[in-house]
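What follows is a single structure, written as structure tokens, with notes after it.
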Amino acid sequence: MALNAFRITEEPYYHSIANEIALFEAAYSARMPMMLKGPTGSGKTRFVEHMAWRLGRPLVTVACHEDMTASDLVGRFLLDAGGTVWHDGPLTQAVRHGGICYLDEIVEARQDTTVVIHPLTDSRRVLPLEKRGELVTAHPDFQLVISYNPGYQSVLKDLKESTKQRFAAIEFGHPSFDAETRIVCTEAEVPEEVAARLVRIAASSRNLKGHGLREGASTRMLIHAARLVARGVALATACDIALVLPITDDADLRDAVRAAIAVAAA
């Protein structure tokens with residue numbers, strides 16, 4: 001199989017928050033393009049991995065960035081020992097062979113690059129390869145999934161309306177206290193008491209959003225801190241390394257976050 005290397009063979013842990021699993025399954029049954037919206041570290045990528053495993057489909061992931069070109073997605077001619085040979089890009093591989101193509105943080109890519117996905121997201125379900133003079137019809141099992149964090153985008157760096165309106169969307173946020181505690185406890189293999197203290201710390205940092213912080217501590221950051229605690233690092237030090245220092249470079253804000261952590265951890 002062409003996409004065997006992209007198959008997920010072991011179940012990725014994912015704690016369902018609402019009805020997002022059922023919604024994604026319904027969308028996939030209709031081969032509907034999906035948009036996952038939410039803050040960084042809120043579980044969007046893990047969710048896609050879990051759904052690819054659940055649906056038994058290969059997952060081709062592309063981390064989007066501003067230097068990415070359309071050729072990086074669809075493919076290009078390259079020289080090898082036999083001459084000039086066409087090499088499919090990750091999007092084309094998923095289209096041909098029926099994988100789920102996940103474009104992570106799609107707004108990081110230039111808009112002139114992302115328009116290449118438009119013919120795949122309507123009734124045509126085709127991918128034009130202009131350099132090759134080929135029109136690739138999407139495999140019946142192909143699905144396109146994109147993600148982005150709306151809170152980080154400027155007016156100049158956002159999805160075009162003509163792109164947004166081609167997708168159905170699922171919004172991700174921070175889990176409830178009990179759910180986030182369970183996630184941290186399971187992922188980091190720490191006692192529930194440690195996980196609960198970290199989740200309270202995260203809630204304190206999130207209260208500073210809009211008061212100097214663009215985002216509070218994500219669930220991913222809590223897992224990092226918990227893994228350090230599991231290896232003998234003191235809770236305050238683990239929080240400093242995994243939460244405070246990465247989240248801001250402003251000294252006053254760091255002091256404010258540390259003070260919030262001290263209160264929550266007491």
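The values are calculated or read from the model by the stated rules, or taken from the named source; none is laboratory data. These numbers were taken from a predicted model, which means no experiment stands behind them. No Cβ is skipped: glycine too gets one built from the backbone with ideal geometry, and neighbour counts run over all protein chains shown.
When you scan region 130-143, do you find a residue that is touching a residue at least 60 places away in the same chain (Cβ under 8 Å), surrounded by 19 or more Cβ atoms within 10 Å (Cβ to Cβ) and within 21 Å of E171 (Cα to Cα), even just one?
Yes, that holds for at least one residue.
Identify the single condition in (1) in contact with a helix residue (DSSP H, G or I) (Cβ under 6 Å, 6 or more places away or on another chain); (2) assigned to a helix (DSSP H, G or I); (3) not hydroxyl-bearing (S, T, Y) that A179 does not satisfy, given that it satisfies every other one.
Going through the list (1) in contact with a helix residue (DSSP H, G or I) (Cβ under 6 Å, 6 or more places away or on another chain); (2) assigned to a helix (DSSP H, G or I); (3) not hydroxyl-bearing (S, T, Y), A179 breaks only (1).
Quick one: is Y28 over 28 Å from E134 (Cα atoms) and of a type in the set (F, W, Y)? Break it down into steps so the answer makes sense when it comes.
Details: over 28 Å from E134 (Cα atoms): no; of a type in the set (F, W, Y): yes.
It is false that Y28 is over 28 Å from E134 (Cα atoms) and of a type in the set (F, W, Y).
Is there a residue in region 100-110 that is part of a helix (DSSP H, G or I) and under 21 Å from L23 (Cβ atoms)?
So the first thing to find is which residues in region 100-110 are part of a helix (DSSP H, G or I), and the list is 106-108.
Then keep just the ones that are under 21 Å from L23 (Cβ atoms); that gives 106.
Looking through region 100-110, at least one residue is part of a helix (DSSP H, G or I) and under 21 Å from L23 (Cβ atoms).
Pull out all pairs, ordered by first then second residue, where Cβ-Cβ is under 6 Å, the residues are six or more apart or on different chains, the first lies in region 76-97 and is closer than 17 Å to L127 by Cβ, and the second is of a type in the set (D, E, K, R) and in a loop (DSSP other than H, G, I, E, B).
W86/R132
This table checks each residue for (1) modelled with pLDDT under 95; (2) surrounded by fewer than 13 Cβ atoms within 10 Å (Cβ to Cβ); (3) in contact with a helix residue (DSSP H, G or I) (Cβ under 7 Å, 6 or more places away or on another chain); (4) not charged (D, E, K, R).
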{"site": "R206", "(1), (2), (3), (4)": "yes, no, no, no"}
{"site": "H211", "(1), (2), (3), (4)": "yes, yes, no, yes"}
{"site": "H224", "(1), (2), (3), (4)": "no, no, yes, yes"}
{"site": "V229", "(1), (2), (3), (4)": "no, no, yes, yes"}
{"site": "L245", "(1), (2), (3), (4)": "yes, yes, no, yes"}
{"site": "D249", "(1), (2), (3), (4)": "yes, yes, no, no"}
{"site": "A259", "(1), (2), (3), (4)": "yes, yes, no, yes"}
{"site": "A262", "(1), (2), (3), (4)": "yes, no, no, yes"}
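Give region 171-186 a look and list any residue that's closer than 17 Å to G216 by Cα and under 20 Å from the mean Cα position of the chain (by Cα), or say none.
So in region 171-186, the residues closer than 17 Å to G216 by Cα come out as 172-177, 180-181, 184.
Scanning region 171-186 gives F172, G173, H174, P175, S176, E180, V184.
In region 156-168, what residues are under 20 Å from the mean Cα position of the chain (by Cα), hydrophobic (A, V, I, L, M, F, W, C) and surrounded by fewer than 16 Cβ atoms within 10 Å (Cβ to Cβ)? Step through it out loud before you land on a result.
In the first step, residues of region 156-168 are kept if they are under 20 Å from the mean Cα position of the chain (by Cα); the result is 157-160, 163-168.
Subsequent filtering for residues that are hydrophobic (A, V, I, L, M, F, W, C) retains 159, 167-168.
Within region 156-168, just A168 meets the criteria.
Quick check on my filter: what residues within region 169-202 are under 15 Å from A260 (Cα atoms) and in contact with a Gly (Cβ under 8 Å, 6 or more places away or on another chain)?
Within region 169-202, just A202 meets the criteria.
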